[in-house]
1. Can you work out the FRET efficiency for the pair D20 and A115, with r the C-beta to C-beta distance and R0 = 45 Å, to the nearest 0.05?
2. In the chain, with Lys and Arg counted as +1 and Asp and Glu as -1 at Cβ, which of these residues, M214, T98, C148, has the Cα nearest the positive end of the dipole, that is, farthest along it?
3. Of the labelled options (1) 129; (2) 281; (3) 174, which one gives volume of the Cα convex hull per residue in Å³ as computed for this structure?
4. Taking θ = phi - 60°, what integer Hz values does the Karplus form 6.51 cos²θ - 1.76 cosθ + 1.60 yield along segment 146-163, in sequence order, with x for Gly and Pro?
5. Please work out the Cα center distance from segment 191-211 to segment 139-180, rounded to the nearest Å.
6. Multiply the residue separation of W137 and M191 by 0.36 nm, subtract the distance between their alpha-carbon atoms, and state the gained length in nm to one decimal.
7. By accessible area of protein heavy atoms, probe 1.4 Å, what ranking do D20, D187 get, highest first?
8. Calculate the length of the line joining the C-alpha centroid of segment 96-129 to that of segment 1-56, in whole Å.
Amino acid sequence: MCLSVLLFAIMDTTVKWLGDGYPTSQIVFFRCVLALPPILVLVALKGGWTVLKTPRPFVHLMRSAVGLAAMSLVFWAYSQMRLADAVAILFASPIIMTALSVPLLKERVGIRRWAAVLVGFTGVLIVVNPGGGVFDWAAFAALGAAACMALAMILIRKLSATEQAITITFWFTFSGSIVGSIWVYLDGWVMPVSNFDWALLISVGLIGSAAQLMMTIAFRHAEVAILAPLEYMAIFWTALTAYWIWGEIPELRVFIGAAIVIASGIYIVHRETRVAKVRPVKTPKLRGRV
């Protein structure tokens, strides 16, 4: 899990670097297309094409749509704002998922978790600083990406009742490859100017798929309550790499807001785990990262 978080942070930093010279469509294209071959290898190891059969194609389509929307929004946000700021806003995703689980999954959320949701959103407001000049289109995009990621996790939870993790991952990546190919064709291809840029574009897909694989393995062998807090190490890695490369230093309010959001997210996971032990429910082993 620690390796997964580190790899995602490296991918995010690479995406921000590429965002200055290449359109979001091209980065999404490489993220999905280059991730497809390793996934196909896993499909073959899991039993071949039979594992890709699904009785719920419409739910897969919805999951792919919101997942691609999240990927596109956050990739663009990375290119427009401080990396640590964008990542801190993305931490709101589990909090949004808890709020959406009531109308969409008909789950019961007690007063403690509702209180944690409200506290978490307060932390998000501290990070985005509405009215302070920071809450621009990029912050809106990052917040929209967090909402889409939350919806994607809810759809994954629905799918996980009948589908394997590799099935869900394949159809998302396959859909992203198709959409990314069409989008980059319509948006226009920008030829990489150097071998270094080629290497960065290719690494986005390879590192992203490796990070997703590490996370899937982690959630297969340990409980969500143990692993979920480790995801928040992303704020440390992204702040470190952003400072090293661009000299970005997040403002104090970003760390304060992120700490509030992280504390709320950990508490929500803790409460959900306790409720699940009392009233067992199926939970997904695949998180909704992009």
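1. 0.65
2. With unit charges placed on the Cβ atoms, the residue in question is T98.
3. (1)
4. Working through the residues one at a time gives 4, 5, 5, 5, 4, 5, 5, 5, 5, 5, 5, 4, 5, 5, 5, 5, 10, 10 Hz.
5. Computed from Cα coordinates, the inter-centre distance equals 22 Å.
6. 16.7 nm
7. D20, D187
8. Between the Cα centres of segment 96-129 and segment 1-56 lies a distance of 29 Å.
The values are calculated or read from the model by the stated rules, or taken from the named source; none is laboratory data. On a predicted model such as this, the values are computed, not experimentally measured, just so you know. Counting neighbours? That spans all protein chains shown, and the Cβs are built from the backbone with ideal geometry, glycine included. SASA here: full protein model, heavy atoms, side chains in, ligands and nucleic acids out. Shrake-Rupley method; radii C 1.70, N 1.55, O 1.52, S 1.80 Å.
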